[in-house]
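*Asks:* The structure under discussion is supplied below as structure tokens; questions concerning it will follow.
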Amino acid sequence: MTTEPIQPYPDTGLLAVGARLAFGVTALAIFIAIIAPGWLLPKVLHSHYLEHFAAFYIAAIAGAAAMPRVQIRRIGVGYVVFAAALELLQVLRGLPHDRAWNNLIADTGGIAAALAPVVVERFRARFAPRPAA
């Protein structure tokens with residue numbers, strides 16, 4: 001039985017374009033959610049911090065899909081810098097420091113939760129399969 005090598009997916013393929021579109025939409029949605037007045041935003045979850053976690057979880061997954069050739073570490077750091085900049089903007093707009101810090105922790109948790117399975121899978125791939133006994 002012969003196996004043909006897997007052909008690389010084209011950068012202009014529907015899934016690749018969709019992933020980049022999702023990346024842009026999630027980043028834009030988070031930015032708009034930060035600058036929009038609170039009464040304008042829908043309450044999706046019962047916890048403000050869980051909403052931060054979920055938003056950055058989804059955004060990090062979209063970012064990882066949109067940038068398959070970029071190191072996961074760079075994607076994670078980029079998102080943490082983005083989150084920190086947004087929380088700094090919130091502090092400048094009058095949000096108490098402790099709440100902004102808690103928001104950043106929730107944001108970072110979402111990023112880590114989204115990217116950790118990729119890191120673990122790459123770690124596991126480094127080990128050669130054991131021969132059958």
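The values are calculated or read from the model by the stated rules, or taken from the named source; none is laboratory data. The structure presented is a predicted model; accordingly, all values stated were derived computationally and were not measured. As a convention, Cβ positions derive from the backbone with ideal geometry for all residues, glycine included, and neighbour counts pool all protein chains shown. SASA here: full protein model, heavy atoms, side chains in, ligands and nucleic acids out. Shrake-Rupley method; radii C 1.70, N 1.55, O 1.52, S 1.80 Å.
*Asks:* Tell me yes or no: at least one residue of the range 103-111 is part of a helix (DSSP H, G or I) and within 29 Å of Tyr9 (Cα to Cα).
*Replies:* Looking through the range 103-111, at least one residue is part of a helix (DSSP H, G or I) and within 29 Å of Tyr9 (Cα to Cα).
*Asks:* Exactly one of (1) modelled with pLDDT of 80 or more; (2) open to solvent by 80 Å² or more (accessible area, probe 1.4 Å) is unmet by Met1. Its number?
*Replies:* The number of the failed condition is (1).
*Asks:* Of all residues in the range 90-102, which are in a helix (DSSP H, G or I), of a type outside the set (Phe, Trp, Tyr) and without any contact (Cβ under 8 Å) to a residue 24 or more places away in the chain?
*Replies:* Within the range 90-102, Val91, Leu92, His97, Asp98, Arg99, Ala100 qualify.
*Asks:* Please go through the range 31-62 and pick out each residue that is over 16 Å from Gly109 (Cβ atoms) and either assigned to a helix (DSSP H, G or I) or open to solvent by less than 40 Å² (accessible area, probe 1.4 Å) (or both).
*Replies:* The answer is Phe31, Ile32, Ala33, Ile34, Ile35, Ala36, Gly38, Trp39, Leu40, Ala62.
*Asks:* Applying the selection to the range 92-115, what residues are among the β-branched types (Val, Ile, Thr) and either open to solvent by 70 Å² or more (accessible area, probe 1.4 Å) or at pLDDT below 95 (or both)?
*Replies:* Ile105
*Asks:* A follow-up question, please. How many residues are β-branched (Val, Ile, Thr) and closer than 21 Å to Gly38 by Cα when one looks only at the range 86-133? Full working, then the answer.
*Replies:* As a first pass, look at the range 86-133 and keep what is β-branched (Val, Ile, Thr): 91, 105, 108, 111, 118-120.
Remaining after also requiring closer than 21 Å to Gly38 by Cα: 91, 105.
Number satisfying all stated conditions: 2.
*Asks:* Just checking, how many residues over the range 106-133 are out of contact with any His (no Cβ under 8 Å at 6 or more places or on another chain) and in contact (Cβ under 8 Å) with a residue 40 or more places away in the chain?
*Replies:* Within the range 106-133, residues that are out of contact with any His (no Cβ under 8 Å at 6 or more places or on another chain) and in contact (Cβ under 8 Å) with a residue 40 or more places away in the chain number 9.
*Asks:* Can we say Ala16 is closer than 19 Å to Ala83 by Cα, assigned to a helix (DSSP H, G or I) and modelled with pLDDT under 95?
*Replies:* On the way: closer than 19 Å to Ala83 by Cα: no; assigned to a helix (DSSP H, G or I): yes; modelled with pLDDT under 95: yes.
Considered against the rule, which asks whether it is closer than 19 Å to Ala83 by Cα, assigned to a helix (DSSP H, G or I) and modelled with pLDDT under 95, Ala16 comes out as no.
*Asks:* Within the range 14-30, can one find any residue that is open to solvent by less than 100 Å² (accessible area, probe 1.4 Å), of a type in the set (Val, Ile, Thr), under 25 Å from Leu89 (Cβ atoms) and free of Cβ contacts under 8 Å to residues at least 40 places away in the same chain?
*Replies:* yes
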